[in-house]
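Peer 1: Here it is: the structure, laid out below.
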Amino acid sequence: MSIAIPEITEKLLAAKAEKGLTFADLEQKIGRDEVWIAAVFYRQASASPEEASKITEILGLDAAVAKQLTECPLKGLGPVVPTDPLIYRFYEIMQVYGMPIKTVIHEKFGDGIMSAIDFTLDVEKEEDPKGDRVKVIMSGKFLPYKKW
């Protein structure tokens, strides 16, 4: 089962390709992180009216698209195990390392979670003579569980 790409995402990606832009280019023009901009494109984040206007102006798209980018999205990939090899690897990483990561976080911070709301994610390229490496940096605010 493949993930359905929303029509607006296809429109945004086509306009980005037509302009020959990367998400890093858009980061420079919009003043927001490239991963966040990609999340807006894929309807996993919403933009403010000003951000949506900047995005659509740069891409040459109309106000109707800008309005859609400000709407609260339905987030997540759905209940299926992802089949895209790159996305599946992140799923696999959590299957293998999820409990160890959770345990280390609890040892360092106590009983709580890492926010996915007060959160940033950066993707960097590390050059390596044995083959370039992908460096993913996740940073989320620690949220302790409340006692009542």
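Values quoted throughout were computed directly from the atomic coordinates according to the rules given, and no laboratory measurement underlies them. Please read these numbers as outputs of a predicted model, since none were measured by experiment. Counting neighbours? That spans all protein chains shown, and the Cβs are built from the backbone with ideal geometry, glycine included.
Peer 1: For a paramagnetic label modelled at 7 Å from the Cα of Gln44 toward its Cβ, which residues of segment 115-148 fall within the zone defined by backbone nitrogen distances under 13 Å?
Peer 2: Zone members listed by number: 116-117, 120-123, 137-138.
Peer 1: Return the inverse of the average 1/r over all pairs of distinct C-alpha atoms in segment 7-69, which is the Kirkwood hydrodynamic radius, in Å to one decimal. All intermediate terms of the calculation are to be shown ahead of the outcome.
Peer 2: Working: mean 1/r = 0.0894 Å⁻¹.
Value: 11.2 Å, from the Cα pair sum.
Peer 1: So, one more: Could you list Met114, Met138 so that the one with the fewest beta carbons within 10 Å of its beta carbon is first and the one with the most is last?
Peer 2: Numbers: Met114 16, Met138 11.
Fewest-to-most Cβ neighbours within 10 Å comes out as Met138, Met114.
Peer 1: May I pose another question? Round to the nearest 0.05 the FRET efficiency obtained for Asp111 and Lys67 when R0 = 35 Å and r is the Cβ-Cβ distance. Kindly include the intermediate steps, with their values, before the conclusion.
Peer 2: Numbers: r = 42 Å, r/R0 = 1.19.
Computed FRET efficiency for Asp111 and Lys67: 0.25.
Peer 1: Running a GNM on the chain with Cα contacts under 10 Å, which residue among Ala24, Ala64, Ala39 ends up with the highest mean-square fluctuation?
Peer 2: Ala64
Peer 1: Further question on the same structure: Would you list Ile117, Ile37, Ile101 from fewest to most Cβ contacts within 10 Å? Mind showing how you got there, number by number?
Peer 2: Numbers: Ile117 7, Ile37 24, Ile101 14.
Neighbour counts put them in this order, fewest first: Ile117, Ile101, Ile37.
Peer 1: Also, quick follow-up: Using the alpha-carbon centroid of each, what span in Å lies between segment 12-69 and segment 84-143?
Peer 2: 25 Å
Peer 1: Just add up the charged neighbours of Val123: K/R +1, D/E -1, any other residue whose Cβ is under 10 Å from the Cβ of Val123. Show your work: numbers first, answer last.
Peer 2: Values: positive: Lys125, Lys135; negative: Asp33, Glu34, Asp122, Glu124.
Charge balance near Val123 sits at -2.
Peer 1: Another question, if that's okay. Can you compute the equivalent ellipsoid semi-axes for segment 60-121, i.e. the square root of 5 times each eigenvalue of the Cα gyration tensor, sorted largest first and rounded to whole Å? If you can, show how the numbers build up before the last one.
Peer 2: Details: eigenvalues 204, 69, 18 Å².
Gyration-tensor ellipsoid for segment 60-121: 32, 19, 10 Å.
Peer 1: Another question, then. So I have [x] 114; [y] 181; [z] 171, and one of them is volume of the Cα convex hull per residue in Å³ calculated from this model. Which one is it?
Peer 2: [z]
Peer 1: Under 8 Å for C-alpha pairs, at least 6 residues apart: give me the relative contact order for the chain, rounded to a whole percent. Write out the running numbers ahead of the final one.
Peer 2: Details: 141 pairs, mean separation 25.1, N = 148.
This gives 17 percent for the chain.
Peer 1: On to the next question. Okay, helix-only estimate at 222 nm for the chain: each DSSP H run of n ≥ 4 adds -39500 (n - 2.57), divide by all residues, round to 500 deg cm²/dmol; what do you get? Numbers along the way, then the final one.
Peer 2: Numbers: 6 runs with 71 residues, N = 148.
The helix contribution divided over the chain gives -15000 deg cm²/dmol.
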